[in-house]
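Asker: Could you have a look at this structure, given as structure tokens, before my questions?
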Amino acid sequence: MQFNDEMMVLLEGLIMFICVLVGVAFLTLLERKVLGYIQIRKGPNKVGYCGVVQPFSDAIKLFTKEQTFPMVSNYLPYYFSPVFSLFVSLFIWSIMPFYFGLYNFELGLLFFLCCTSVGVYTVMIAGWSSNSLYALLGGLRAVAQTISYEVSLALILLSFIMLSNGYSLYYFFLYQKILWFMFITFPLMIVWFASSLAETNRTPFDFAEGESELVSGFNVEYSSGGFALIFMAEYSSILFMSMLFVILFLGGDFYSFFFILKLVGVAFMFIWVRGTLPRYRYDKLMYLAWKIFLPVSLNYLIFFGGLKIMMTSLLI
């Protein structure tokens, strides 16, 4: 019986990973379409009906191109860091509280923080193992950026842990049946969304890929499958951060169809920001993290902590 249960969990996990990868494929199509219309042009519209099959043809093209390896690179870390990056970004989806009880453990938010911290190492190793100064510089900038914004993300999560009395994402579904957290923590929602953009290296915080000064950032030496895996890991993280945004602020009703619509809406906001805003300056990015977002999230944490103590004393 135990063996059958383990096989069912593995099968359900495999189905979830496949669904996430299909979602990533169509997110790239959505991005190219939306950016096309923002720039007053058509997006992909030749392959299949209205370009629907375009992501799969792109995947075939990427994985069949020649795989190059720099002669002076550290081969094993260089080869395995994109694989590990995609593995971490897919594995983090296991905290989503599915109805059929896939991996719905009680410490989901702690697991999320652990996985995002481990994701930093993949960028660092990818930049270092290429033995290219451009890749190393891009990797260092990406790591500094990710670590800086993880602090404010963790403090915001601590505030919500105090509100919901637990680390499981299921509590957010229970506590937001009457009122969404968006209405009582609106400034935190803005900070979370901006930090999510920085965490996933998206415009206007895409300094890991500042083409004007870094060629293409930490992935400059990657081609073919390695580049595709890094690309898929980034878009999987965008989908995951969109899902987490909906659960934390927009009701978290993950058993309804509206949850999917809200997730797509938040993912659309990621794309909309890319088509609208120019790239920040790097020192302004760090100033924003340490001088603005950190004090705001810390003040909210102290406020919610004091509110929790006051409510507990009144109940006693």
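The values are calculated or read from the model by the stated rules, or taken from the named source; none is laboratory data. Keep in mind that this is a model prediction, so the values were computed, not measured. For neighbour counting, all protein chains shown are included, and Cβ atoms are generated from backbone atoms with ideal geometry for every residue, glycine included.
Asker: Which residues, taken from the range 62-82, are surrounded by 14 or more Cβ atoms within 10 Å (Cβ to Cβ) and among the β-branched types (Val, Ile, Thr)?
Answerer: none
Asker: Here is a further query. Every residue in the range 16-47 that is under 14 Å from Ala267 (Cβ atoms) and charged (D, E, K, R), please.
Answerer: Glu31, Arg32, Lys33
Asker: Does any residue of the range 72-81 turn out to be under 15 Å from Gly225 (Cβ atoms), aliphatic (A, V, I, L, M) and either in contact (Cβ under 8 Å) with a residue 24 or more places away in the chain or not in a helix (DSSP H, G or I) (or both)?
Answerer: no
This table checks each residue for (1) over 21 Å from Met311 (Cα atoms); (2) in contact with a Lys or Arg (Cβ under 9 Å, 6 or more places away or on another chain).
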position	(1), (2)
Gln145	yes, no
Tyr149	yes, no
Gly166	no, no
Leu174	no, no
Thr185	no, no
Met189	yes, no
Ala198	yes, no
Gly225	yes, yes
Glu234	yes, yes
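Asker: Which pairs do you get when a residue that is buried (at least 21 other Cβ atoms within 10 Å of the Cβ), found in the range 137-161, comes within reach of a residue that is of a type outside the set (Phe, Trp, Tyr) and outside any helix (DSSP H, G or I), reach meaning Cβ atoms under 7 angstrom, with the pair 6+ apart or on two chains?
Answerer: Correct list of pairs: Gly138/Val220; Ala142/Asn201.
Asker: Run down Tyr99, Tyr78, Tyr103 and say which single residue is among the aromatic types (Phe, Trp, Tyr), at pLDDT below 90 and closer than 29 Å to Gly127 by Cα.
Answerer: From the options Tyr99, Tyr78, Tyr103, the qualifying one is Tyr78.
Asker: So is Ala135 closer than 22 Å to Asp206 by Cα, within 19 Å of the chain's Cα centre (by Cα) and part of a helix (DSSP H, G or I) or not?
Answerer: So Ala135 does not fit the description; no.
Asker: Taking the condition surrounded by 12 or more Cβ atoms within 10 Å (Cβ to Cβ) and at positive phi, does Gly51 pass?
Answerer: Yes; evaluated as a whole, the condition is true for this residue.
Asker: Take Phe207 and decide whether it is over 19 Å from Gly226 (Cα atoms), of a type in the set (Phe, Trp, Tyr), at pLDDT below 85 and surrounded by 20 or more Cβ atoms within 10 Å (Cβ to Cβ).
Answerer: yes
Asker: The conditions are (1) basic (Lys, Arg); (2) in contact with a helix residue (DSSP H, G or I) (Cβ under 6 Å, 6 or more places away or on another chain); (3) closer than 19 Å to Ala25 by Cα, and Arg274 fails exactly one of them. Which is it?
Answerer: Every condition holds for Arg274 apart from (2).
Asker: Also, quick follow-up: In this structure, does Phe91 turn out to be part of a helix (DSSP H, G or I), aromatic (Phe, Trp, Tyr) and modelled with pLDDT of 90 or more?
Answerer: No, not satisfied.
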